[in-house]
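Colleague: Submitted below is the structure of interest, expressed as structure tokens.
Values in this text are rule-based calculations from the coordinates and carry no lab data. None of the values given here were measured: they were computed from a predicted structure. Here Cβ is always computed from backbone atoms with ideal geometry, including for glycine, and neighbour counts include all displayed protein chains.
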Amino acid sequence: MKKFAQDFKVTGNTRLNKRHFILELQAPVPLPEILPGQFVQVLVHNSPSTFLRRPFSIHFVDYAKNTLSLLVQVKGEGSRHMGMLNPGDKLNLVYPLGNSFSLPSAGKLLLVGGGAGVAPLMFMGDVLNKKGVRPDFLLGFRSADEVSQVDEYSRYGKVYLSTDDGSMGEKGFVTQNPVICQSPLPYDRIFCCGPDAMMHAVAKLAAGKGVACEVSLENYMACGYGVCLCCITPTDKGNERVCIEGPVFETSRLQW
Amino acid sequence: MQFKNPVTTASGCFGYGEEFKDFYDLGLLGGIFVKAVTGSNRDGNKYPRMAETPSGMLNSVGLQNKGVDHFCSSIYPRLKDFNTQVIVNVSGSTIEEYVKVAERINELEGIHAIELNISCPNVKEGGMAFGVVPATATEVTKAVREVYKKVLMVKLSPNVTNISEMAKAVADGGADVLTLINTLLGMAIDAETQKPVISTITGGLSGPAIKPIALRMVWQVFRAVKLPIVGLGGIMNATDAIEFMLAGASVVQVGTANFIDPMVCPKIIDGINDYLDRHNIAAAQDIIGALKVC
């Protein structure tokens, strides 16, 4: 897929909770086709401490409005700067980057996300719905005050919730939620994005129950378009680039 | 050897060029220094391989590539018709490996120069070890000179006390052109986890953080050795590139900046032309080493 480097216009900045917000960005030209699981590289204000671009999963694409949205967790100076952007501000993106989740047009699918890792699952749900598939979502958050957008996810499929402290949904990690602990597991495929430890745990659980699983890796990277070779992950084909051959990998191929 | 303009891309920062075709016509570039090629396949170092540092980054890729046979059979055919100079960065762990790779690249009609990498800080054997001792640098350059019949460039390490001495050493070995500088050996620590950020603990520092050191070294070597210089180290824009040329570089390489702005090279080419117009200078070569020192 052809990649672009363009200045987007901020059309919305919505705070979800203390640590997360959604940036809506309008493209200067009609958006190309974008696939769920793909990401953008954001140029923040390029200060000495935010020298490199920051990768973000694409949270949603609205072709009618010609916008794409990013779900951002405030972590450091770069994300703090993004959180302060106002409608009308410009933000330079390189996009669309990476491969995508596989997009089955049938079957029972479970989309598992944790924290800011839920980001690509909204767009995935939308695209799957358009293909006639209603997936289930299993979303994990730290606590009730970080649970957000449940109504939006519910539009695309049934939502199961877990919180670390049990303040909403099931208590504990997503891998302790009854929906994923069933045996046999009534899903044809699991799609997962979140913290590394969560993806490992979900991959292990899926493998144990004989269910195919795809994860979207979030390795550190410099360029995002395949030249720096910093974001590699070992696979059955040797070291592969998370930014080109990934970020989505079938877990049976990973040697992580 | 002619470059259509002085702006080229640094090895390891531009892949084999193909990844940038979406962004601009590669024919705009003065040249492309492609990713390092070694004697056989190398998987490179373990993840994590990079850390963002103030005004720069630390990397420890470790020369990941599929080896010279794969380069000649699978990659070269895709590069040979690029409308720009393509220069191959040659790396190795032993003198024999450097010689083997250079011999193979010598057979490729469309490649008019190699850049001998005796300065990679991220491999256990060879690499920088050849570039920090003058006698060894002379020896490996001489050995490659015997088998490589076209333009031989040698990329110097900044991790030395006396860069001019190293430049003279590779000039004595038969180098035609000097490239400087490779990355500076550095380190990043995560205070929270109390661990090094990258898997190899130390790595190569690049980006604007190293520009003043690179400029100083280009200036010192320009005065010490009468060979053309390819200058690099933290070039982010046309002004940076012009500074390197004023210090003595005939050609510049843009490295880390390609990771931040995939369009940076055409912008630098335009910026140099604007500068020349503004200062009423006929050609870019007129500013090479033109630094005014009172």
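Colleague: Please give the calculated 222 nm ellipticity per residue for chain A, where each DSSP H segment of at least 4 residues contributes -39500 (n - 2.57) and the sum is spread over every residue; nearest 500 deg cm²/dmol?
Modeller: Mean residue ellipticity at 222 nm (helix-derived): -4500 deg cm²/dmol.
Colleague: Using per-residue counts of other Cβ atoms within 10 Å, averaged over each peptide, order B:54-61, B:81-88, B:248-255 from highest down.
Modeller: B:248-255, B:54-61, B:81-88
Colleague: Using 7 Å Cα-to-Cβ label points, what is the B:Q285/B:M1 separation (nm, one decimal)?
Modeller: 1.6 nm
Colleague: Something else: Can you tell me the FRET efficiency between A:N86 and B:L28 if r is taken as the Cβ-Cβ distance and R0 is 35 Å, rounded to the nearest 0.05? Present the calculation step by step, with values, prior to reporting the outcome.
Modeller: On the way: r = 36 Å, r/R0 = 1.03.
FRET efficiency, A:N86 to B:L28: 0.45.
Colleague: With a ≥ b ≥ c the root eigenvalues of the C-alpha gyration tensor of chain B, is it rounded (a/c under 1.5), prolate (a/b larger than b/c) or oblate?
Modeller: Rounded is the answer for chain B, as its axis ratio a/c remains below 1.5.
Colleague: Follow-up question, since we're still on this one. In region B:76-152, which GluC sites (Glu not before Pro) fall in coil by DSSP and have 15 or fewer other Cβ atoms within 10 Å?
Modeller: B:E107, B:E109, B:E125
Colleague: Another question about this same structure. Students often get this wrong, so check it: of A:K3/A:K65; A:K2/B:K35; A:K2/B:K66; B:K226/B:K292; B:K21/B:K226; A:K2/A:K130, which have C-alpha atoms separated by over 30 Å?
Modeller: Correct reply: B:K21/B:K226.
Colleague: Let me know the mean shielding of B:18-24 by other chains, meaning the per-residue number of their Cβ atoms within 10 Å of its Cβ.
Modeller: Counting Cβ atoms of other protein chains within 10 Å of each residue's Cβ and averaging gives 4.
Colleague: Given a Förster distance of 30 Å, report the FRET efficiency between A:H45 and A:S102 from their Cβ-Cβ distance, rounded to the nearest 0.05.
Modeller: 0.25
Colleague: Another question, then. Cut-off under 16 Å on the C-alpha distance; same-chain residues fewer than 8 positions from A:K18 excluded. Which lysines are left, in chain and number order?
Modeller: A:K75
Colleague: Can I ask one more? Per-residue mean of other chain beta-carbon atoms within 10 angstrom of the beta-carbon, peptide A:237-248?
Modeller: That works out to 2 on average.
Colleague: Helix A:119-130 sits at what angle to the longest principal axis of chain A, using alpha carbons and giving 0 to 90 degrees rounded to 10?
Modeller: 70 degrees
Colleague: Ranking request for peptides B:206-219, B:65-78, A:93-106: highest mean number of other beta-carbon atoms within 10 Å first, then the rest in descending order. Could you put the intermediate results ahead of the total?
Modeller: Values: B:206-219: 22.1, B:65-78: 16.9, A:93-106: 19.6.
Packing order, densest peptide first, comes out as B:206-219, A:93-106, B:65-78.
Colleague: Helix A:196-208 versus the longest principal axis of chain A: what is the Cα-based angle in degrees, 0 to 90, to the nearest 10?
Modeller: So the inclination is approximately 30 degrees.
Colleague: How many partner chain Cβ atoms sit within 10 Å of a residue's Cβ in peptide A:40-48, on average, as a whole number?
Modeller: 2
Colleague: Another question, then. Just grab the label-to-label distance for B:C294 and A:S167, each label 7 Å out from Cα along the Cβ direction, in nm (one decimal).
Modeller: Placing both labels 7 Å beyond Cα along the Cβ direction yields 6.5 nm.
Colleague: How much net charge surrounds A:R189 when only the other residues with a Cβ under 9 Å from the Cβ of A:R189 are counted, with Lys and Arg +1 and Asp and Glu -1?
Modeller: With Lys, Arg at +1 and Asp, Glu at -1, the neighbours total -1.
Colleague: Local charge sum around A:M198 (other residues, Cβ-Cβ under 15 Å, Lys/Arg +1, Asp/Glu -1)?
Modeller: Net charge around A:M198: -4.
Colleague: Place the peptides A:80-87, A:7-14, B:3-10 in order of packing, highest mean first, counting for every residue the other Cβ atoms within 10 Å and averaging per peptide.
Modeller: On the way: A:80-87: 14.6, A:7-14: 16.6, B:3-10: 22.8.
Top of the packing list down: B:3-10, A:7-14, A:80-87.
Colleague: For the protein assembly as shown, what log10 I(q)/I(0) values come out of the Debye formula at q = 0.08, 0.11, 0.12, 0.13 1/Å, with one point per alpha carbon and no solvent?
Modeller: Ignoring solvent entirely, the Cα scatterers give -0.56, -0.98, -1.11, -1.24.
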